[in-house]
């Protein structure tokens, strides 16, 4: 544990980020931040969890997925279905009645139980990710072709959920729900959920950091840098790629379940291609292949989106697009890469000065 904080500057940076995030509720109580800041930063934390998964598959393994909004929403919808049934007492909802139902659809019934709901929130995304990964990676589909397929699957799922009006309220999604620990409008509940999300962020970061520090992580990097060479070295590349793809899908599903509790709603918008591409932007801006870059990128880009969209609601997407383009063209290593270069230059000057 000591080496986690002392030997890796990026882990130190992550620890600082976690401490600053942990102070958000305190700053809110002191009046330094608005009352909505806890909810907003809580959402950013869930995005950071997703970003770590994206960095694992893209930054370390070289798999560019443009479809992780699917898994985020599957986890979110699973939690939302449970919370909605708790609110209605297990009875059918208004949108189901409008759709002609007189009793709960069969696939809604397990969500009356919290243990079953949690199992399904993880199992369904895992199964879908396994099926997609097995056939695609077994066929050795990679690069831009995988990205196109993942984007097409996202569009298909987005269209499907938009059309499920009697089952999931279609484009409106599931709204007006409480949290897993009580009323959404109780500030104490939101604070607790904020810290729960923060704990999950630490756990996901620690697990991923451990994985990439092992031989397994070195194989992932080898796949990224030379998949054919790794394949002919005797490693079953498709199995490694499928495992990290499934793991990243599970991270996204967990983040989605936490997000619903902090957002009070979920709709197919979070399953759109735009949102999935946004996940990649988080990692690119922060610096892929660094983990802490994914965390910083998710928080920073999301905060920028909120600020710019509030000030310039009609042009904020153009701003984010231009920002992303500039980063890709001129700062390919992202924020963490820039920071690393500056530190290296400072250390070099310091060492040169001592020698002189």
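Any read-out appearing in this document is the output of simple, stated calculations on the displayed coordinates, not a laboratory observation. Quick caveat, the model's predicted, so the values are computed rather than measured. With ideal geometry, Cβ positions are generated from the backbone for all residues, glycine too; neighbour counts draw on all protein chains shown.
Here are the numbers:
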{"read-out": "Under 13 Å from the residue 119 label point (7 Å along Cα→beta-carbon), backbone N, segment 239-258", "value": "none"}
{"read-out": "MRE, 222 nm, helices only [DSSP H, n ≥ 4, -39500 (n - 2.57), over the chain, to nearest 500]", "value": "-24000 deg cm²/dmol"}
{"read-out": "Relative packing of peptides 197-206, 261-270, 48-57, 21-30 - highest average C-beta neighbours within 10 Å first", "value": "48-57, 261-270, 197-206, 21-30"}
{"read-out": "Cβ-derived FRET efficiency at R0 51 Å, residue 135 paired with residue 345, nearest 0.05", "value": "0.60"}
{"read-out": "Computed label-point distance, nm, for sites residue 239 and residue 22 using a 7 Å Cα→Cβ extension", "value": "4.0"}
{"read-out": "Of 256, 78, 226, the one that fluctuates the most in a GNM where the chain has Cα springs shorter than 10 Å", "value": "226"}
{"read-out": "Taking 296, 128 and counting other C-beta atoms within 10 Å, the order from fewest to most", "value": "128, 296"}
{"read-out": "Mean Cβ count within 10 Å, highest first, over the residues of peptides 232-242, 163-173", "value": "163-173, 232-242"}
{"read-out": "Stretchable slack from residue 156 to residue 309, in nm (0.36 nm times residue separation minus alpha-carbon distance)", "value": "52.3 nm"}
{"read-out": "Identified option (computed P(r) over Cα pairs in 10 Å bins from 0, in percent; candidates [x] 5, 23, 32, 25, 11, 3, 1, 0, 0; [y] 5, 25, 36, 26, 7, 0, 0; [z] 5, 22, 27, 21, 13, 8, 3, 0, 0)", "value": "[x]"}
{"read-out": "Packing-based exposure ordering (other Cβ within 10 Å, fewest first) of 345, 215", "value": "215, 345"}
{"read-out": "Full-stretch length increase - residue 202, residue 97 - with 0.36 nm per residue and alpha-carbon distance subtracted", "value": "33.6 nm"}
{"read-out": "Theoretical FRET efficiency, 1/(1+(r/R0)^6), r = Cβ-Cβ of residue 330 and residue 213, R0 41 Å, to 0.05", "value": "0.85"}
{"read-out": "Per-residue Cβ neighbour rank within 10 angstrom, fewest leading, 150, 310", "value": "310, 150"}
{"read-out": "Highest average packing first - 322-329, 67-74, Cβ atoms within 10 Å", "value": "67-74, 322-329"}
{"read-out": "Residue 319-residue 269 FRET efficiency (beta carbon distance; Förster radius 22 Å; 0.05 resolution)", "value": "0.65"}
